[in-house]
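Colleague: Pasting a structure here, questions to come.
The values are calculated or read from the model by the stated rules, or taken from the named source; none is laboratory data. The structure displayed is predicted, hence computed values, not measured ones. Quick reminder, even Gly has a Cβ in these numbers, built from the backbone with ideal geometry, and neighbours come from all protein chains shown.
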Amino acid sequence: MSVRISPSILSADFANLERDLGRISDADLVHVDVMDGHFVPNLTLGLPVVERLQQVSPVPLDVHLMVEDADRWAPRYAELGAFSVTFSVEAAADPVATARAIRSNGARASVALKPGTDVEPYLQSLDEWDMILVMTVEPGFGGQSFMPETMPKLARARDAVRASGLDVWLEVDGGIGLDTIVTAVENGADTVVAGSAVYGGEPAERIAALRAAAATVALSS
């Protein structure tokens, strides 16, 4: 299966979000970063804006919550109709219960791990997650450099998912470009978030180039 590309609208023009959603209609998903200015030192979008994006987006919403009290907020984004809702495990008191609440509202449930967070505890309950997001930068801002030291964690998750036989996606987010997407896919990523690598030029061309780079790994493996 080809690698899924999820452009991040954090790099889009916030004054023209509907237009910029239309420019990525050939992507697999659109990554919507929700930040509250508390869990991370940045403030972006909230429920009303995401609800409107859900109404106009040509591709499914891949909502990534970087907010405090994820147990409270994550199910509400699932209620809006988002395809996938990811929450930071560091912000959840009961990640399993939160994932179940997301699923009960019709969305895929995903957990995000900061670069310094150990993946092992979450591999013991793989059947509770539809996706694991390995952050390849510190969450909070776009345009950061890819952290290769996160790759052993991704590879460990890949091995555990393969051994389990479960359909758990592995996503990476942060510093993804034509070179780093290859590294990420080699280590198990099947879903890739890209911000400036897509919106820094003609989005359709950039998405095609990322797909082609990822395909070189699939063809050689």
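Colleague: In this structure, is Arg19 surrounded by 15 or more Cβ atoms within 10 Å (Cβ to Cβ), under 14 Å from Ala204 (Cα atoms) and not hydroxyl-bearing (Ser, Thr, Tyr)?
Modeller: No; evaluated as a whole, the condition is false for this residue.
Colleague: Among the residues of the stretch 176-186, what is the count of those that are surrounded by fewer than 22 Cβ atoms within 10 Å (Cβ to Cβ) and part of a loop (DSSP other than H, G, I, E, B)?
Modeller: 3
Colleague: In the stretch 142-150, is there at least one residue being within 20 Å of Val63 (Cα to Cα) and in contact with a Ser or Thr (Cβ under 7 Å, 6 or more places away or on another chain)?
Modeller: yes
Colleague: Only one of these is over 23 Å from Leu10 (Cβ atoms) and touching a helix residue (DSSP H, G or I) at 6+ places or on another chain (Cβ under 8 Å): Ala91, Ala78, Ala101, Ala112. Name it.
Modeller: The unique qualifying residue is Ala101.
Colleague: Something else about it: Residues being on the phi < 0 side of the Ramachandran plot and among the acidic types (Asp, Glu): count how many of those fall in the stretch 54-70.
Modeller: Qualifying residue count for the region: 2.
Colleague: Identify all residues within the stretch 9-24 that are under 23 Å from Val185 (Cβ atoms) and at pLDDT 95 or above; write none if there are none.
Modeller: Once the filter is applied, which keeps residues that are under 23 Å from Val185 (Cβ atoms) and at pLDDT 95 or above, the stretch 9-24 yields only Ile24.
Colleague: Arg108 - would you say it is under 15 Å from the mean Cα position of the chain (by Cα) and modelled with pLDDT of 95 or more?
Modeller: In short, yes.
Colleague: Which residue pairs have Cβ atoms closer than 9 Å, lie 6 or more positions apart in sequence or on different chains, and pair a first residue in the stretch 184-204 that is more than 20 Å from Val32 (Cβ to Cβ) with a second residue that is surrounded by fewer than 24 Cβ atoms within 10 Å (Cβ to Cβ) and of a type in the set (Asp, Glu)?
Modeller: Final answer for the pair search is Gly188/Asp159.
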